[in-house]
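K.L.:
Pasting a structure below so you can have a look.
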Amino acid sequence: MKKQIYKDAISHILQYEQKVSLESLQIIDESYRMTKFLRKILADLKDHVLQFGFSDKSEEIEFFKSIKPQILGKLIYYNKLYRIETASPYLVASGKHYQKYYANELQHLKQEHDDQISKSKFYRYYRSGRTDRDHEFFELGKINFNSGLSSFVFEVDSHFSTYYDYKVSRILAYDLLLEYLIAKISSKTFETRSKQKDFHWTESKNALIELIYALHCSGSLSDGRVGIRKISEQFQQIFRIQLGDVHHAFHRMKYRAGSRTAFLDNLKTSMENYMDKDLI
């Protein structure tokens with residue numbers, strides 16, 4: 001029964017994460033909402049654990065090795081993301097400064113990871129997929145102070161942490177942040193190259209928004225799991241265009257006179273005319 005509660009919590013997070021991704025126009029809003037949501041989920045789970053405990057040691061180990069780190073890891077990730085993006089020079093700086101900012105953040109992340117995580121014996125243990133010492137690392141009350149642990153160990157709640165669950169959470173958060181920062185740097189590099197080749201969107205903004213929604217609704221991009229905001233960000237970078245309030249523009253399309261999919265209709269007609277040329 002308890003395992004089902006934990007699985008339901010993870011499933012709830014994934015569903016809410018997708019919902020927020022679809023609704024949020026900016027990563028700052030998305031990361032803020034996810035941080036608040038994950039804090040609440042973690043607090044509820046803590047109340048549950050303190051009240052009911054665990055059925056056996058295997059359930060306890062699974063919770064601190066897998067369940068809690070998935071939640072705390074994402075909480076660390078979104079909180080860090082919020083701090084990175086609220087300090088980003090994106091809106092006022094040139095592409096060069098933009099890329100330098102994220103490159104510096106990536107360097108700081110890697111340095112922190114090297115100094116605090118990757119050089120430890122526990123990191124090698126966890127990454128190798130071993131389980132033989134799980135009873136030492138993921139059971140309550142087993143913290144070995146003789147092993148020279150970080151001073152953070154004195155701040156953890158010994159009733160809801162084994163200390164190493166936090167270590168796993170940091171590892172998972174690092175993986176997510178690494179992927180995010182590399183993607184930001186790569187997308188800006190592509191945008192810079194696009195500018196050099198004068199690659200840009202020449203139709204109307206509404207036409208591009210129409211295309212973005214069509215690709216999302218059809219599940220053509222990542223099986224429909226990527227939100228409108230993320231898709232529009234990529235298209236704005238690729239085509240060197242600012243689309244503004246995408247959701248509001250789409251709402252207007254739903255009620256405009258004539259065809260609601262004018263650009264898509266024109267695409268179909270243009271393609272068919274092009275095909276017909278080969279038949280003449």
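Derivation of every value follows stated rules applied to the coordinates shown; laboratory data play no part. Keep in mind it's a predicted model, so treat the numbers as computed, not measured. Neighbour counts are summed over all protein chains in view; Cβ atoms, including those assigned to glycine, are modelled from backbone coordinates with ideal geometry.
K.L.:
How high is the relative contact order of the chain, in percent, with contacts defined as C-alpha pairs under 8 Å that are six or more residues apart? Let's see the in-between values first.
P.N.:
Working: 222 pairs, mean separation 65.9, N = 280.
Averaging sequence separation for qualifying contacts and normalising by length gives 24 percent for the chain.
K.L.:
In the Gaussian network model of the chain, springs joining C-alpha atoms below 10 Å, which of Leu81, Leu177, Leu14 carries the largest mean-square fluctuation?
P.N.:
Looking only at Leu81, Leu177, Leu14, the biggest GNM fluctuation is shown by Leu14.
K.L.:
Further question on the same structure: Per 0.36 nm of contour for each residue apart, how much would the distance between Phe239 and Gln111 grow if the chain were fully extended, relative to their Cα-Cα spacing?
P.N.:
Full-extension gain reported as 42.7 nm.
K.L.:
To the nearest 20 debye, what is the magnitude of the charge dipole of the chain about its Cα centre, counting +1 on the Cβ of each Lys and Arg and -1 on the Cβ of each Asp and Glu?
P.N.:
460 debye
K.L.:
Between His159 and Lys19, what is the FRET efficiency for a Förster distance of 35 Å, r being their Cβ-Cβ separation, to the nearest 0.05?
P.N.:
0.65
K.L.:
Which value in deg cm²/dmol, rounded to the nearest 500, describes the helix-derived mean residue ellipticity at 222 nm for the chain, given -39,500 (n - 2.57) per DSSP H run of n ≥ 4 and division by the residue count?
P.N.:
Calculated mean residue ellipticity at 222 nm is -22000 deg cm²/dmol.
K.L.:
How much net charge surrounds Arg130 when only other residues with a Cβ under 13 Å from its Cβ are counted (Lys, Arg +1; Asp, Glu -1)?
P.N.:
Overall, the nearby charge balance is +2.
K.L.:
Can you give the angle from 0 to 90° between the axis of helix 95-113 and the longest principal axis of the chain, with both taken from C-alpha atoms, to the nearest 10?
P.N.:
The answer is roughly 20 degrees.
K.L.:
Return one quarter of the surface area of the convex hull spanned by the alpha-carbon atoms of region 200-280, equal to its mean projected area, in nm².
P.N.:
Over all viewing directions, region 200-280 projects a mean Cα-hull area of 6.5 nm².
K.L.:
I would also like to ask the following. Explain nothing, just the number: dipole magnitude of region 200-280 about its Cα centre with +1 on each Lys and Arg Cβ and -1 on each Asp and Glu Cβ, in debye rounded to the nearest 20.
P.N.:
That gives region 200-280 a dipole magnitude of about 380 debye.
K.L.:
Hey, another quick one. Under a crude label model (7 Å from the Cα following the beta-carbon direction), how far is Lys36 from Ser222 in nanometres?
P.N.:
The answer from the label model is 2.3 nm.
K.L.:
Another question about this same structure. Only Cα pairs within less than 10 Å get springs; with that Gaussian network setup on the chain, which residue of Gly258, Gly53, Gly219 has the largest fluctuation?
P.N.:
Comparing Gly258, Gly53, Gly219 in the GNM, the peak value goes to Gly258.
K.L.:
GNM on the chain, C-alpha springs below 10 Å: top fluctuator among Glu112, Glu233, Glu139?
P.N.:
So, out of Glu112, Glu233, Glu139, the one fluctuating most is Glu112.
K.L.:
Still on this model: Using the alpha-carbon atoms, what tilt in degrees (0 to 90, nearest 10) does helix 205-217 show relative to the longest principal axis of the chain?
P.N.:
With rounding to tens, the tilt is 50 degrees.
K.L.:
Then there's this: In degrees from 0 to 90, rounded to the nearest 10, what is the angle of the helix 164-196 Cα long axis to the longest principal axis of the chain?
P.N.:
20 degrees
K.L.:
Right, here's the next one. Would you mind computing the Rg to Rh ratio of the chain from its alpha-carbon coordinates, Kirkwood style for Rh?
P.N.:
That ratio is 1.08, to two decimals.
K.L.:
While we're looking at this one, here's another question. Suppose R0 equals 30 Å; then what is the FRET efficiency for Glu203 and Gln26 from their Cβ-Cβ distance, rounded to the nearest 0.05?
P.N.:
Result of the calculation: an efficiency of 0.80.
K.L.:
P(r) for region 1-74: what percent of alpha-carbon pairs falls in each 5 Å bin, starting at zero?
P.N.:
So the P(r) values, bin by bin, are 3, 14, 27, 23, 14, 9, 6, 3, 1.
K.L.:
So, in nm, how far is label Ile10 from label Lys142 when the simple model puts each one 7 Å beyond its Cα toward the Cβ?
P.N.:
A separation of 1.9 nm, rounded to one decimal place.
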